[in-house]
Amino acid sequence: MGDVAHLIARFLKERSVDRVFSLCGGHILPMWDPVHCMGISIVDVRDERAAVHMAHAHRELTGRLGVALVTAGPGLTNAVTGIANAHVSRVPILVISGVPPRPQENMGALQAVPQAEIVRPITRYARTVSRAEHVLRELDEAVSCAEGHCNEPGPAFIDFPTDLLREEIPEAFVDPSRFRAREPVRIIPSAETLGAAVKILWHAKRPLVISGRGARGAEPELLKILDVLGCVYMDTAESRGLVPEDHPAYMPAVRARAMQEADAVLTVGRTLDFQLGYGSGAVFPHARFVRMGTSAGELRGNRRGDVELFGSAQETLEALMKAAKGARPETDRSWIEEMQSADRGRRQGLVQKLADAPPGNDGAMHPYRLLGHVRGSLQEDAVVIADGGDFLSFARVALACSAYLDCGPFGCLGVGVPFGIASALAFPGRQVVVVSGDGSFGFNAIELDTCRRQGARVVFVVANNAGWNIERNDQKEAYGGRIVGTELEGCDYAMLARSLGVYGERIDRAEDLPDALRRAFDSAPALLDVMVTRDAVSPDAAAGLPGIPDRQALSTWDEWEREAQGARREA
Ligand SMILES: Cc1ncc(C[n+]2csc(CCOP(=O)(O)OP(=O)(O)O)c2C)c(N)n1
């Protein structure tokens with residue numbers, strides 16, 4: 001049969017893993033060769049953190065298991081940020097590592113730290129496997145836990161002592177059924193709860209549907225319910241692209257108003273985290289909630305649903321439609337039309353800003369002008385990755401696309417470069433654009449080397465305002481104008497790119513952007529280092545996000561929350 005390392009490689013192959021993101025090290029090298037010989041490509045990176053970010057993006061965009069292979073000790077500790085990011089975003093990835101050989105256990109071996117214990121709070125599974133006969137069973141269970149079979153999806157971590165990797169494994173220990181991927185669990189709620197949900201949603205005057213990552217794979221059913229209810233729809237970054245942006249229910253520019261005015265909310269596979277005001281009665285003052293999901297977080301986190309539909313999105317939405325047969329939704333058409341018109345107005349306003357937002361007092365281009373040109377250069381199936389503080393906030397509203405990833409609810413600066421590389425490797429025929437603040441770009445800038453070596457055709461657009469601007473602006477506002485440690489030097493990122501063999505140009509004038517973008521797409525991998533103003537105030541900055549209010553993420557919501565709590569105390 002061969003050794004344990006070959007068995008692990010075979011498991012990955014049987015589970016259709018075509019790419020593993022990794023950085024070499026003695027503790028894991030026994031797995032590298034078999035992985036390579038199985039025809040699985042190894043994307044060798046410059047920092048383990050980038051490997052995990054790449055596995056994350058690979059999973060998000062392809063739906064296939066993302067795998068990172070990191071060496072012991074500092075290899076694992078470097079990977080922790082990536083693991084934590086996947087944990088918060090609930091992304092199924094498998095992180096494999098090695099640990100010192102068993103005969104050296106607790107003796108002060110090279111790179112020995114309690115790895116599984118370090119990552120346990122941020123993983124769905126974290127175990128060290130120290131017996132050959134357990135390897136397949138544990139791998140199977142690790143992947144099931146990552147996929148969220150009957151629980152919340154997220155990262156799984158497994159490591160093996162290096163001597164075990166070299167140990168021969170008798171054929172009798174190999175249970176072939178363990179190679180087969182498990183079918184996802186399909187759950188449908190009871191007829192009674194479905195009926196109760198129909199009552200709330202079909203009698204609502206101002207229904208709002210909010211989707212999350214649990215809605216993935218249920219696009220047709222989601223569209224159907226939006227069409228039947230004729231409601232307002234909010235995607236969230238984790239389920240962006242499920243509903244086309246020209247759908248009549250899609251009104252991204254009036255989200256806060258929809259939350260304030262809705263009288264019924266259906267959440268589909270979405271937790272009520274800070275981005276949704278924790279579902280608070282101060283942010284949703286009139287709504288009854290129907291919550292649909294397969295984990296406790298989606299079903300009841302922060303706010304109990306008036307009806308809770310424990311079920312997988314596709315089957316449950318389908319069952320909900322069946323349960324509603326014959327019922328006529330009572331949606332108030334005039335409210336919908338008013339919302340649509342407000343949304344249209346704001347979106348037109350945005351298009352205008354993208355075309356003519358004025359430069360700052362420093363004479364440098366407004367970030368919206370840059371993003372307007374990027375938007376104009378995108379093909380329909382482009383993959384867009386956004387990273388940064390202010391710049392991410394501008395990009396999130398400015399760029400329309402069908403595939404999108406960003407720093408997510410972990411606010412994980414630095415994902416841009418690795419996310420972009422993994423995307424371009426997964427989709428070599430599509431445009432992949434990373435738009436990044438200059439500070440954020442720096443975290444994983446060295447991965448431009450990986451990008452070139454791997455032939456990943458990414459276009460990186462760095463918005464260079466020579467600062468950690470969203471924090472710098474907060475210092476200006478809230479700390480007596482004292483600017484301390486939030487400025488950068490306006491480094492020449494184009495030169496940095498060229499030094500790593502990537503095409504690079506620095507751009508100062510908006511009118512030079514269309515041609516520069518064309519050259520960048522032709523020469524990808526390529527980087528445009530674009531000088532932008534520090535004076536622009538982003539939507540997130542205006543909403544008070546960087547100030548970290550006490551009760552809510554945004555200052556307006558925080559004020560509503562304070563008022564609501566005050567009113568409760570008085571009552
Ligand atoms: C790893 C990490 N470190 C620090 C922060 C805090 N932070 C949030 S936004 C931001 C500034 C980002 O600067 P840049 O990428 O240049 O974008 P800009 O705000 O200038 O547009 C910082 C430091 C974070 N979210 N993540």
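The values are calculated or read from the model by the stated rules, or taken from the named source; none is laboratory data. As the structure is a computational prediction, the values presented were derived from the model and not from experiment. Quick reminder, even Gly has a Cβ in these numbers, built from the backbone with ideal geometry, and neighbours come from all protein chains shown. All accessible areas refer to the heavy atoms of the entire protein, side chains included, with ligands and DNA or RNA removed. Shrake-Rupley method; radii C 1.70, N 1.55, O 1.52, S 1.80 Å.
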Exercise. Rg/Rh for region 1-154: what does it come to with C-alpha atoms and Rh from Kirkwood?
Worked result: 0.93
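What are the semi-axes of the equivalent ellipsoid of region 306-375, taken as the square roots of 5 times the eigenvalues of the Cα gyration tensor, listed largest first and rounded to whole Å?
Listed largest to smallest, the semi-axes of region 306-375 are 44, 18, 10 Å.
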Problem set entry | Probe 1.4 Å - accessible area at E168, Å² to nearest ten | 120 Å²
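May I ask for the net charge around D235, where only other residues with Cβ less than 12 Å from the Cβ of D235 are counted and Lys, Arg are +1 while Asp, Glu are -1?
On the way: positive: R213, R216, R240, R255, R270, R396; negative: E219, E238, E245.
So the environment of D235 carries a net charge of +3.
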For this session: Could you please state, rounded to a whole Å, how far the C-alpha centre of region 317-388 is from the C-alpha centre of region 433-478?
Result: 24 Å
Exercise. How much solvent-accessible surface does K199 expose, in Å² to the nearest 10, with a 1.4 Å probe and all protein chains in place?
Worked result: 140 Å²
Seminar exercise, completed: In Å², rounded to a whole number, the accessible area per residue of the chain with probe 1.4 Å is 41 Å²
Problem set entry | Two-decimal log10 I(q)/I(0) for region 430-571, as the Debye equation yields it once each C-alpha is a single scatterer, q = 0.09, 0.12, 0.13, 0.22 Å⁻¹ | -0.39, -0.61, -0.68, -1.24
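For region 251-339, take the convex hull of the Cα atoms, compute a quarter of its surface area, and give me that in nm², please. Please list the in-between numbers first.
Details: hull surface 24.6 nm².
Directional mean of the projected Cα hull area for region 251-339 stands at 6.1 nm².
Report the calculated FRET efficiency for E489 and K325 (r = Cβ-Cβ distance, R0 = 45 Å), to the nearest 0.05.
Working: r = 65 Å, r/R0 = 1.44.
According to the calculation, E is roughly 0.10.
Find, among the trypsin sites (Lys or Arg not before Pro) in region 331-393, those assigned to loop by DSSP (not H, G, I, E, B) with at most 16 other beta-carbon atoms within 10 angstrom.
Numbers: sites: R333, R344, R346, R347, K353, R369, R375; in loops: none.
Filter output for region 331-393: empty list.
For E167, what charge total do you get from the other residues with a beta carbon under 11 Å from its beta carbon, if Lys and Arg give +1 and Asp and Glu give -1? Display every interim value, and only then the final one.
Working: positive: R102, R131, R166; negative: D3, E133, D163, E168.
Residues near E167 contribute -1 overall.
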Problem set entry | Under the Karplus curve 6.51 cos²θ - 1.76 cosθ + 1.60, θ = phi - 60°, whole-Hz ³J(HN,Hα) for region 360-370, x wherever Gly or Pro sits | x, 5, 7, x, 7, 4, 6, x, 4, 5, 4
For this session: Please state, as a whole number in µm²/s, the translational diffusion coefficient that the Stokes-Einstein equation yields for the chain at 4 °C and 1.567 mPa s, with Rh defined as the Kirkwood radius across alpha carbon pairs.
Result: 52 µm²/s
Exercise. So what does H149 come to for accessible area, using a 1.4 Å probe and Å² rounded to 10?
Worked result: 50 Å²
For this session: Quote the FRET efficiency, to the nearest 0.05, computed for E338 versus A181 with a Förster distance R0 of 51 Å and r equal to the Cβ-Cβ distance.
Result: 0.60
